[in-house]
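Engineer: Mind looking over this structure? Questions follow.
The values are calculated or read from the model by the stated rules, or taken from the named source; none is laboratory data. Just so you know, these numbers come straight off a predicted model, no measurement behind them. Note that each Cβ is placed from the backbone with ideal geometry, even for glycine, and that neighbours are counted across all protein chains shown. Heads up: the accessible areas ignore ligands, DNA and RNA and are worked out on the full protein's heavy atoms, side chains in. Shrake-Rupley method; radii C 1.70, N 1.55, O 1.52, S 1.80 Å.
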There are 2 protein chains.
Amino acid sequence: MSAGIRHDDLRRRNRALVIAAVRRSGLPSRTEIASTTGLSHSTISAISSDLIAEGMLAETKAGEHATARRGRPQVALTLNPKAATVIVAVLSLNCLSAAIIDYCGEPVAEEQRAFSTATMSKHELVLECIAMLRRLMAGMSPGAPKPLRIVLAVQGISDAAARVMLWSPITPHRDIAFADVLEGELAIPTTVENDCNMMAIALRWRDPARYRDNFIAILLSHGIGMGLVIKGELFTGTQSSGGEFGHMIHRPGGALCRCGRRGCVEAYAGDYAIWRNAHLKNEDSPPEDAVTNTDMQALAERARAGEGPEREAYRKAGTAIGYGVGSLFALIDPAPIAFVGGGAAAFDLLEPSIRTALARTAGGQHSDAISFDTIPAELPLIRQGCAMRALVFVDQEIFAAGPQAVQESRIAVA
Amino acid sequence: MSAGIRHDDLRRRNRALVIAAVRRSGLPSRTEIASTTGLSHSTISAISSDLIAEGMLAETKAGEHATARRGRPQVALTLNPKAATVIVAVLSLNCLSAAIIDYCGEPVAEEQRAFSTATMSKHELVLECIAMLRRLMAGMSPGAPKPLRIVLAVQGISDAAARVMLWSPITPHRDIAFADVLEGELAIPTTVENDCNMMAIALRWRDPARYRDNFIAILLSHGIGMGLVIKGELFTGTQSSGGEFGHMIHRPGGALCRCGRRGCVEAYAGDYAIWRNAHLKNEDSPPEDAVTNTDMQALAERARAGEGPEREAYRKAGTAIGYGVGSLFALIDPAPIAFVGGGAAAFDLLEPSIRTALARTAGGQHSDAISFDTIPAELPLIRQGCAMRALVFVDQEIFAAGPQAVQESRIAVA
DNA sequence: CAGTATTTTTTCGAGGCCCGAAAAAAGTCT
DNA sequence: AGACTTTTTTCGGGCCTCGAAAAAATACTG
């Protein structure tokens, strides 16, 4: 049963609304906020002057861009970049990348490092993460506010509470409780998120016109991942980060998947699967882990050159994706799709068979009208998604809660 | 962007909360409501005395069931059955059934009629519906309040706004705007809902302990339908009623489905598909429309008698369902499933292959732990779901809105 | 260049709503 | 009959939002 609305929640929610409006719109005036939120001018005036006094917002001379119209000029509100910082970290196969982000979303420090995630112990993996975050924090100017949030994106599955990495292709170890460990070491609230979910969040911030209420981000890489936004909300599983599109069944009893099962979409469309098919290996042969991006580029070149096993491999991949998307569409109705990652660079090879397959499904009825988009570089997208996730948390959980919570959060780094 | 919270919304939402608490709990005291909603005693007292004054709630001597404890006895609150009525109608193949339901959810009048939906014109179909509802309303005692809502459940797909039946297996006609027509004729707000979604809603009211935040209702009948509740909310498509589980793809390019495509789950697990396989007909042969429930019972008997094409047909059906559910679980994580309808009566024949298939999917990892339930009679379930849907609408949209809206809604039937 | 028009922002009083504490109510127990 | 216990109502205080009006800041205009 949903809880009752207490009187103080009102202010909290409306504060959150104002902060969100500023974060979204860039440089909105009070009047603009009033109209987008539906609250009265007086309320917006009161809330925004509070937020300015508390240091989250600042007024800027909008001037320049607004053509000088008649009447009192609008004064634009903006986020104060120094109001807070957050930390984002992206853990992927053999690579950890992290950054400190200011309250406006701009990075103030970053670091990236390669090591062999597949062979490290659980302990070593966690230590590398902690060490990198510590280095980043050590580099912060003294007196700067301590980061208020860590968001760690991982390939693979995290639990619904976003605290544990349940499984990941990058390591043989399971159930790594990153959130507990990082909170214990650094005393900063932490969540562990699926990388594809973060991609979806980032897409919405990048292009809200295109990616708004319903859309899908599909990562085509060594494995296949998905982030799904439905009715304006990130869709996650009930017990895990969910949305394991790559492990929907394409052909019962079919090709061997990295997950050990047979016939998953990924077993046809993951890099290793395309590579396997292109080399005419048996579908039962175990997934090759060492397929590199360069391998795949070479494969794509050969496929573009003309008919052959390479082109056939891409065709099979496209078919698997197309039918998978068709089944998904049967459940949620069609939505725009962004294909992200290395595989998106070979999208020209995939698209025809995706569309053919999709058109043969109930969900893909009007498959011509379904728009695809490709974004080859996934890392910047994931990082941006993490940043926005972390900042929205700060907005809603801390800054919206009122002056007290804001005060308490303001501890300077050592 | 979500709208701001205006001051009056507060009371509206808390009124809705109190009404919902009474509807759910049966005979709660004010104290009990205060604790389940988290609102203060004073607020509950104020709201409930308003609601009693306005006629939605009534006090009853709880007495009997509460063992006389020390202290002032609790006064139980209850819904006033005369506060309102709603109309439910269920349209399925060759059958229309409708009822008038009081504010407590009890039927006060009902009617059921058979006619040949498949051969009727669009116009005739609509007229039959209107006629039945008019007859029901004509039978109401004069002075009784006019029904405040019609919920029509249909097999097939309705639009996201729940106003148009986009497609249904019961008729060749498409895009029947039932809501517009019924509202035009009877001047009662109407929604058109998918039957399986209503089943899911009913399950939650029937057994909230088992079917709470995440569960699935699958209708096994001539076709295959699904109602899905995720995180406590009915899951619908973005443009339609959605959740077309039956048309997820089981085998690309496989058996011919009633929808005209190939390889859908329904093309293996719908009654017609089981019948087709049991009679060793080609998978390309067009779906037989005239398979009756008795046919299916006979088929099930033969399948139970021993190995043979009938048992094999059920096995294929179970496999299709199992893999389909596995793909679904990959997206949403496992949840309890209720199998409803004629096919549930033959669930003993399906379950082994469902479980075998499910165990071969990523989503079905712990398939032993996933619980199945069977409910052979779908119609009562659908009707109950419609009733609760309609009543919750009245609760939230009319009675929660305040005395004015309540007044305006109170028009006696002619 | 002073006055007018226009638009944005702030101020102020009114009306609601929720909460906590205290009081009242309605029984049981001794 | 009085003490005790639990439920429900009453009352005053504190917030919050709103609408209207005032103030502020600038462009237009003759």
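Engineer: Report yes if some residue within segment B:262-269 is surrounded by fewer than 22 Cβ atoms within 10 Å (Cβ to Cβ) and within 14 Å of chain A (Cβ to nearest Cβ); otherwise report no.
Structural biologist: Checked against the condition, which is being surrounded by fewer than 22 Cβ atoms within 10 Å (Cβ to Cβ) and within 14 Å of chain A (Cβ to nearest Cβ), segment B:262-269 yields at least one hit.
Engineer: Does segment B:309-317 include one or more residues that are open to solvent by 20 Å² or more (accessible area, probe 1.4 Å) and either within 14 Å of chain A (Cβ to nearest Cβ) or closer than 19 Å to B:Asp213 by Cα (or both)?
Structural biologist: There is at least one residue in segment B:309-317 that is open to solvent by 20 Å² or more (accessible area, probe 1.4 Å) and either within 14 Å of chain A (Cβ to nearest Cβ) or closer than 19 Å to B:Asp213 by Cα (or both).
Engineer: Can you pull out the residues in segment B:18-35 that are within 11 Å of another protein chain (Cβ to nearest Cβ), within 13 Å of DNA strand C (Cβ to nearest atom) and touching a helix residue (DSSP H, G or I) at 6+ places or on another chain (Cβ under 7 Å)?
Structural biologist: B:Val18, B:Ile33, B:Ala34
Engineer: Let me ask you something else. From the set of residues in segment B:138-153 that are open to solvent by less than 40 Å² (accessible area, probe 1.4 Å) and more than 20 Å from B:Asn80 (Cα to Cα), which is nearest to the chain's Cα centre (by Cα)?
Structural biologist: By that ranking, first place goes to B:Ala153.
Engineer: Could I ask something else about it? From the list B:Ala177, B:Ala161, pick out the single residue that is loosely packed, with under 13 Cβ neighbours inside 10 Å, within 22 Å of the chain's Cα centre (by Cα) and not acidic (Asp, Glu).
Structural biologist: Going through B:Ala177, B:Ala161 in turn, just one is loosely packed, with under 13 Cβ neighbours inside 10 Å, within 22 Å of the chain's Cα centre (by Cα) and not acidic (Asp, Glu): B:Ala161.
Engineer: Kindly indicate which of B:Leu96, B:Leu91 is more than 16 Å from DNA strand D (Cβ to nearest atom) and more than 22 Å from B:Val394 (Cβ to Cβ).
Structural biologist: On inspection, the qualifying residue turns out to be B:Leu96.
Engineer: Here is a further query. Could you tell me whether B:Ser48 is more than 9 Å from DNA strand C (Cβ to nearest atom), under 30 Å from the mean Cα position of the chain (by Cα) and open to solvent by less than 10 Å² (accessible area, probe 1.4 Å)?
Structural biologist: Answer is yes for this residue.
Engineer: Go through segment A:216-260 and count every residue that is more than 7 Å from chain B (Cβ to nearest Cβ), in a loop (DSSP other than H, G, I, E, B) and of a type in the set (A, V, I, L, M).
Structural biologist: Total meeting the criteria: 1.
Listed here are the residues, each with its yes/no results for (1) within 14 Å of another protein chain (Cβ to nearest Cβ); (2) more than 18 Å from B:Phe178 (Cα to Cα); (3) within 16 Å of DNA strand C (Cβ to nearest atom).
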residue	(1), (2), (3)
B:Thr60	no, yes, yes
B:Gln74	no, yes, yes
B:Thr78	no, yes, no
B:Lys82	no, yes, no
B:Leu91	no, no, no
B:Gly105	no, yes, no
B:Lys122	no, no, no
B:Val126	no, no, no
B:Ala131	no, no, no
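Engineer: For residues that are farther than 18 Å from B:Lys146 by Cα and outside the structural domain of B:Gly139 (by TED's automatic domain parsing), tally how many sit in segment B:384-414.
Structural biologist: 0
Engineer: Further question on the same structure: Taking A:Thr60 as the residue in question, decide whether it is in contact with a strand residue (DSSP E or B) (Cβ under 6 Å, 6 or more places away or on another chain), among the hydroxyl-bearing types (Ser, Thr, Tyr) and in the same structural domain as A:Arg72 (by TED's automatic domain parsing).
Structural biologist: For A:Thr60, the condition - in contact with a strand residue (DSSP E or B) (Cβ under 6 Å, 6 or more places away or on another chain), among the hydroxyl-bearing types (Ser, Thr, Tyr) and in the same structural domain as A:Arg72 (by TED's automatic domain parsing) - is met.
Engineer: When you scan segment A:277-300, do you find a residue that is within 11 Å of chain B (Cβ to nearest Cβ) and part of a helix (DSSP H, G or I), even just one?
Structural biologist: Within segment A:277-300, none of the residues are within 11 Å of chain B (Cβ to nearest Cβ) and part of a helix (DSSP H, G or I).
Engineer: A further question follows. Out of contact with any helix residue (DSSP H, G or I) (no Cβ under 8 Å at 6 or more places or on another chain) and either modelled with pLDDT of 95 or more or open to solvent by less than 10 Å² (accessible area, probe 1.4 Å) (or both): does that describe A:Arg302?
Structural biologist: no
Engineer: Looking only at segment A:13-46, which residues are more than 15 Å from A:Ala76 (Cα to Cα) and near DNA strand D (Cβ under 8 Å from one of its atoms)?
Structural biologist: A:Arg13, A:Asn14, A:Arg15, A:Gly38, A:Leu39, A:Ser40, A:Ser42, A:Thr43, A:Ala46, listed by residue number.
Engineer: Does segment B:166-185 hold any residues that are of a type in the set (A, V, I, L, M) and under 14 Å from B:Ala89 (Cα atoms), and which are they?
Structural biologist: Selection gives B:Ala179, B:Leu182.
Engineer: So, of the residues in segment A:1-17 that are assigned to a helix (DSSP H, G or I) and facing chain B (nearest Cβ under 9 Å), which turns out to be surrounded by the fewest Cβ atoms within 10 Å (Cβ to Cβ)?
Structural biologist: A:His7
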